[in-house]
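Each remark here refers to the structure printed beneath this line.
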Amino acid sequence: MAQDPEPDEDRQDEGLIDPSHDLDMVAVFESSTVDAEIEADVILGLLETSGIPATLVRPTGVPSLGYQLTVPRSRKDEAVRLIAEAQVSGPEAAAEAEAASEEGV
């Protein structure tokens, strides 16, 4: 019938399932402190800017149970390294980055 699509021979890989665990989401950040939401948002921005897909799991209900960031298992080591580097460079690096971004405005 006209509404039925014709089989597309170019779509040979459709229906294949990747059984590896490379795309499983694993936690790289967890916190239930007062400033956990802000810290999680900053780290999420860092990861996304670096091209690492990440998901922020926000608490539901009251009281909040904390925040968690997850990334694909295949990118975990890279994400952990980036987070550690950012924590070492600390607020000074953030202030420098902000100043540099304001110069471009």
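For residue 102 and residue 57, a Förster radius of 30 Å and the Cβ-Cβ distance give a FRET efficiency of 0.40, rounded to the nearest 0.05. Modelled this way, with points 7 Å down the Cα-to-C-beta line, the labels at residue 41 and residue 16 are 4.2 nm from one another. With both labels modelled 7 Å from their Cα along Cα-to-Cβ, the residue 74 to residue 48 distance reads 2.2 nm.
You can think of it this way: the chain between residue 84 and residue 25 has 19.3 nm of extra reach, that is 0.36 nm per residue less the Cα-Cα gap.
One quarter of the convex hull surface, Cα atoms only: what value does that give for region 25-91 in nm²?
Values: hull surface 17.7 nm².
Average of the hull's projected areas for region 25-91 equals 4.4 nm².
No lab work stands behind these numbers, since they all come straight from the coordinates. Remember, it's a predicted structure, so these values are computed and weren't measured experimentally. Glycine gets a Cβ as well: all are built from the backbone with ideal geometry, and neighbour counts include every protein chain shown.
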